[in-house]
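Read the structure below first, then the notes.
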Amino acid sequence: MSVSPETITIFTPRPLNQYHPAPRPLTMSQHYLMYNQTLIRDPEVFEFNYTPDAIHYRDIQLRQLAGALSPALQGASPINANLRGPPGTGKTTCVRRIFSELEETSSCVVPVFVNCESVGTAFRVFAAVFERLFGQQPPLSGIPLQRLTDPIAAELIRREAVLIVCLDDANYLSQTGQFDVVIRSLVRMYENYPGVKTGVVTTISDHSFCPLTVLDPAVISVWQPDEILFSPYGEDEVRSILQDRIRMGLYQGVIPPGILDHITALTMEAGDLRVGIDLLKHSVLTAERDAHISVVEDNVNTAYETARGAHLTLLIEGLKPGPERLLSHIIQMKQEEQTASLTSRILYESFKETRDISYTAFRSWLRRLSDLRLIDIRQRAAKGNAHEIELRFDPGLMENCADIN
Ligand SMILES: Nc1ncnc2c1ncn2[C@@H]1O[C@H](COP(=O)(O)OP(=O)(O)OP(=O)(O)O)[C@@H](O)[C@H]1O
């Protein structure tokens, strides 16, 4: 929420220019902030679930998603959509935007957003739908799913409404073995409850997760989603998105151009826009703490250490047990310096001694670690198919963040 001059009180942050009384000559003390000054105009802008007004570089994807869901506005079943792309490429942001437009446009569309990382079962998915429709949690847990789907279907029919559920980070449902049952229960609802219309939007950032391998053919034939692809942002795109956040969230001049370049470079290195947004926030807080009126490189570097650790911990915690064990193995080999250069073949041979694993599964776990930018896989020049494996961060730091071994 932005601060307007009318709402300023003694306890609310004031724009910087109100702290510089014009008549007094400039002194060194005016280059430093008072205890209650802030460089942040709108803290909301840096919250992780903030939906920006302008979603740049995603016009095509927004149109595709809107096109798939728009039949719901006429009371018809929407087309299911599957949004795929690496973390931080704007999938969730695009869904939230289209969902809020649907809600503004029609009361006969009920969009429900479910974060599958925290909601891992069909029961909890339908409990979220129940809560959205009735404004309260279902009375019981541990009851048959039908005790939820019956009232949900009746309410949808009563309202003549179309239900659209977004399963954000849907790949997590496969960890609990619930992907098939959740998709099946949603897309085939019309069979048990004639007249009910539903649509499903899935977002998937795990490159190695292929829904078709875990879905029953009978579910696949009804699900049939439009595939919407989200490619990683280039450096100029990252800079411009961050620039936009700066304009919305900070006072003018707080991030000098050279500092934005530095933050952009670090964001590209981390491979996730979230790191850049987090860096902006933490660099500014560090600058405030040091009583600067603009961010300096040291503030960014200090903030980067914190942001990088937090980001790494989140990434590693989100891994499935298989890739996590493989990462742990790579860290161990790197720390023990068993080999000057670690090729995928050497790694496979060594990892295979610890567990029975096919080369195909190994390659897919390796690819997952690379997609998350935890490792680099580089083709070795003039060495046929040999690939070299590098950790993207210091092994000690990775071990600390993951607490794995
Ligand atoms: N095109 C964009 N314009 C402005 N902000 C963006 C854009 N794309 C992403 N963001 C911001 O980057 C952050 C991460 O985006 P988002 O959560 O949508 O990514 P995601 O692809 O869903 O990631 P994940 O797969 O990890 O869930 C959010 O703060 C979001 O506001």
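The values are calculated or read from the model by the stated rules, or taken from the named source; none is laboratory data. Being a predicted model, the structure only gives us computed values, none of them experimental. Note that we place each Cβ from the backbone using ideal geometry, even for glycine, and neighbour counts take in every protein chain shown. Ligands, DNA and RNA are stripped out before the accessible areas are found, and what is left, the full protein with its side chains, is counted by its heavy atoms. Shrake-Rupley method; radii C 1.70, N 1.55, O 1.52, S 1.80 Å.
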## Note on the structure
The summed charge of the Gly75 Cβ neighbourhood (under 13 Å; Lys/Arg +1, Asp/Glu -1) stands at +1
#### Entry: Rounded FRET efficiency, nearest 0.05, which uses the C-beta distance separating Glu103 from Ala54 and R0 of 22 Å
0.65
## Note on the structure
Computed from the beta carbon distance with a Förster radius of 35 Å, FRET efficiency for Glu336 and Asn301 to the nearest 0.05 stands at 0.75
### Query
Sequence-distant or interchain residues sharing an amide H contact under 5 Å with Tyr57, placed H: which?
none
### Summary
Ordering 366-379, 349-362 by per-residue average of other C-beta atoms within 10 angstrom, highest first, gives 366-379, 349-362
### Task
Quick one: which residues, 5 or more positions from Asp226 or on another chain, have an amide H under 5 Å from its amide H? H modelled 1.01 Å from N in the peptide plane, none for Pro or chain starts.
Asn80, Ala81, Asn82
### Summed residue charge, Cβ within 15 Å of Ser185's Cβ, Lys/Arg positive, Asp/Glu negative
+1
### Dipole magnitude (debye, nearest 20) for region 59-229, charges at Cβ of Lys, Arg, Asp, Glu
180
### Task
For an R0 of 22 angstrom, estimate the FRET efficiency from the Cβ-Cβ distance between His207 and Asn400 and round to the nearest 0.05.
0.25
### Query
Residue separation times 0.36 nm, minus the C-alpha to C-alpha distance between Ile377 and Glu390: what's the value?
4.0 nm
#### Entry: Nearest-10 value in Å² for the accessible area of Phe230, using the 1.4 Å probe
10
### Antiparallel content of DSSP bridges confined to the chain, in %, to 5
25
### Query
Can you give the charge dipole size of the chain about its Cα centre, rounded to the nearest 20 debye, using +1 on the beta carbon of Lys and Arg and -1 on the beta carbon of Asp and Glu?
520
### Value in Å of the Kirkwood radius, where the chain supplies the Cα pairs that are averaged
24.0
### Task
Over all alpha-carbon pairs of region 56-113, lay out the pair-distance distribution in 10 Å bins, whole %, shortest bin first.
22, 57, 19, 2
### Query
For the chain, with the dipole built from +1 on Lys and Arg beta-carbon atoms and -1 on Asp and Glu ones, taken about the Cα centre, which of Ile277, Ala218, Gly249 lies farthest toward the positive end?
Ala218
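About the Cα centre of region 323-402, how large is the charge dipole given +1 on each Lys and Arg Cβ and -1 on each Asp and Glu Cβ? Please answer in debye to the nearest 20.
I would put it at about 380 debye.
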### Query
Could you work out the helix-only [θ] at 222 nm for the chain, with each DSSP H run of four or more residues adding -39,500 (n - 2.57) and the total divided by the number of residues, to the nearest 500 deg cm²/dmol?
-14500 deg cm²/dmol
### Summary
For Leu39 the rounded accessible area (nearest 10 Å², probe 1.4 Å, non-protein molecules ignored) is 0
### Query
Among Leu145, Leu65, Leu242, which one shows the biggest mean-square fluctuation in a GNM of the chain, springs joining Cα atoms closer than 10 Å?
Leu145
### Query
From a point 7 Å beyond the Cα of Glu191 in the direction of its Cβ, which residues of region 205-226 have a backbone N at a distance under 13 Å?
216-223
